[in-house]
Amino acid sequence: MVEPSTTTEEVWRIEPSGRLQGDVFVRGSKNAVTKHMVAAMLGRGESTIHNAPEVGDVGITSAMLESLGIAVEAKGDTIRITPGDTIESRVPLAFTGLNRIPILMLGPLLHLTGEAFVPLVGGDPIGQRPVDFHVEALRAMGAEVELGEAGITAKASRLRGARIELPYPSVGATETILLSAVLAEGKTVVRNAAMEPEVIELALFLQRMGALIELSPDRRIVVEGVPRLHGASTRLAGDRLEAFSYLVAGLISGGEVRVHGCHQDRLVTAITTLARMGAQFHITDDWISASAPERLRGAPVQTGTHPGFMTDWQTPLMVLFTQAEGMSVLHETVFDNRLVYVPALQSMGCEIEVFSVCLGGPACRFHDSNSLHSAIVRGVSKLRGADVTLPDVRAGFSAVLAAAVAEGSTTLRGVRHIERGYHRPFEQFTSLGLRIQKDQAPVHAGS
Ligand code: EPU
């Protein structure tokens, strides 16, 4: 749903709470469910997505689809999507800046109507987040694409398969290509494609809808266009970022959280990273738990594309570093401005220093820029409660973690960011024993 303008906002007041422990059940991820919803536009007939999370981004994406003439019914963990007979080609400007989903709709809208307009995409302020790879891919497939001040306009009577080499294995651009190539005329070959689990999940869903997709070695995906796709049904795999974040919630507070619903194979690098820091794991086919019999040790970690250490895991890890013995080094190589949340943590006493040079790993593509993408973290820091404005969805969760182990109470503003991406975070944290209260407060300038 589009948020109404308001002069007050929901804030969370968090008190120190001791150990966080208990069971958390994770559902599918925001970054998979929303893409599946876009894919469902392409099917003739109903598609069903099970194990969907109840997150703000589902509401935003549902409203976008409905504005185009696509019926969406979300009940509990199930979303049903049925494209109507007449589809609008323009995503309304009201959706400007709300999330990254409109750009993914360009290809599907071109297939359905021959033309498309999508407003400027938003998402978190974690870097430049350009859309040039998406635009160039669509152009290579024969679309005329124009970038305007309000958004992107595209036209194509029929998209054609193309050979596309991505300059960087971008998740979103690979998804744009998949969503465009499945109904294009002929074969599309993508080199240097993203292979993140959420991308593969999307490819599998499209295959269920009737698409011909081949996943080849060396980041190569081959798609042979088909004349039509049908509706399909799928159950989303558990969110690997939520799973990691709640495991960290247990570790940071000296407790133990048992996470159900996310398989070990989606957490391999995360588990090894935490185990090297001294965490002990209990891993079964149904759940994973982590505990720290002794204080954890700091570590050097570099984020990267899958199967490396996921950039979204970086924010909870950074707070955990502040509670680990000794120094830790973090090198962010996916987004140039992902450390934008560090000042909020510093205001709570986290001893984190950021650098533009590449630390803790080989030089990355940001090494000649001024982007502050490396950090040194000193542990163990004594954290204190503060009045904090959250800049983005992942930073928001980290601030909750810091508040949980801080001395004194913390007020978190901008919690809508957390609710955009995590399934019922308030209820989950409460069930783990976090002392947290919802309140209304006047909106601060800049929040
Ligand atoms: N890039 C370009 N040009 C493009 C596209 C990407 O230069 O046209 C660059 C980006 O600036 C960035 C890099 O390529 O430096 C990787 O970006 P990517 O396209 O892979 O990211 P994304 O699709 O925008 C998704 C998730 C992110 C997640 C990344 C990496 C969604 C909606 N977002 O972003 O999730 O961190 O992949 O895995 O799927 C989050 O959920 O909080 C979040 C930021």
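Odds and ends about this structure:
- Using a cutoff of 8 angstrom between alpha carbon atoms and counting only pairs six or more residues apart, the relative contact order for segment 127-169 works out to 34 percent.
- Segment 30-235: relative contact order as a whole-number percent, Cα under 8 Å and 6+ apart: 21 percent
- Positive-end residue, segment 30-235 charge dipole about Cα centroid, Cβ charges, pick of ILE60, GLY148, ILE70: ILE70
- Among MET348, MET310, MET327, residue whose mean-square fluctuation peaks in a GNM of the chain (springs only between Cα atoms under 10 Å): MET327
- Using the rule -39500 (n - 2.57) for each DSSP H run of four or more residues, divided by the residues of the chain, the 222 nm mean residue ellipticity is -8000 deg cm²/dmol.
- Neighbours of ILE87 by Cβ distance under 14 Å: Lys/Arg scored +1, Asp/Glu scored -1, total -2.
- Only the Cβ atoms of Lys and Arg (+1) and of Asp and Glu (-1) were treated as charged; on that basis the dipole of the chain about its Cα centre amounts to roughly 420 debye.
- Sorting 397-407, 273-283, 54-64, 204-214 by average packing, meaning the other beta carbons within 10 Å per residue, from highest down gives 397-407, 54-64, 204-214, 273-283.
- Cα-based shape type of segment 28-119, given that a ≥ b ≥ c are square roots of the gyration tensor eigenvalues and the cut on a/c is 1.5: oblate
- Summed side-chain charge close to VAL55 - residues other than VAL55 whose Cβ falls under 12 Å, Lys, Arg +1, Asp, Glu -1: -1
- Rounded, prolate or oblate (a/c below 1.5 giving rounded, otherwise prolate when a/b exceeds b/c) for segment 263-325 by Cα gyration tensor: oblate
- Virtual spin-label span in nm between ARG158 and GLU10, 7 Å along Cα→Cβ: 4.9 nm
- Reported to the nearest whole Å, the Cα centre-to-centre distance from segment 380-431 to segment 252-284 is 21.
- Cross-link reach list, aspartates and glutamates versus LYS155, counting only Cα pairs under 18 Å and skipping chain neighbours closer than eight places: GLU88, GLU115, ASP132, GLU136, GLU144, GLU146, GLU185
- Using a simple spin-label model with pseudo-atoms 7 Å out from Cα toward Cβ, ALA363 and THR272 lie 2.7 nm apart.
- Using a Gaussian network model of the chain in which every pair of alpha carbons under 10 angstrom is joined by a spring, one finds that among ARG297, ARG266, ARG365 the greatest mean-square fluctuation is at ARG365.
- A quarter of the convex hull surface defined by the alpha-carbon atoms of the chain gives 19.5 nm² as the mean projection.
- Summary value for the chain: 21 percent relative contact order, contacts being C-alpha pairs under 8 angstrom separated by 6+ residues.
- The aspartates and glutamates within cross-link reach of LYS75, meaning a Cα-to-Cα straight distance under 20 Å and a gap of 8 or more places when in the same chain, are GLU46, GLU54, ASP57, GLU66, ASP239, GLU419, GLU427.
- Under the shape rule built on the C-alpha gyration tensor, where the axes satisfy a ≥ b ≥ c, segment 30-235 is rounded, since a/c falls short of 1.5.
- The GNM of the chain, with springs linking C-alpha atoms under 10 angstrom apart, assigns the highest mean-square fluctuation among GLU15, GLU427, GLU332 to GLU427.
- Beta bridges per DSSP with both ends in segment 162-260, % antiparallel, nearest 5: 75 percent
No lab work stands behind these numbers, since they all come straight from the coordinates. What you see is a predicted model; the values in this text were computed from it and never measured. For neighbour counting, all protein chains shown are included, and Cβ atoms are generated from backbone atoms with ideal geometry for every residue, glycine included.
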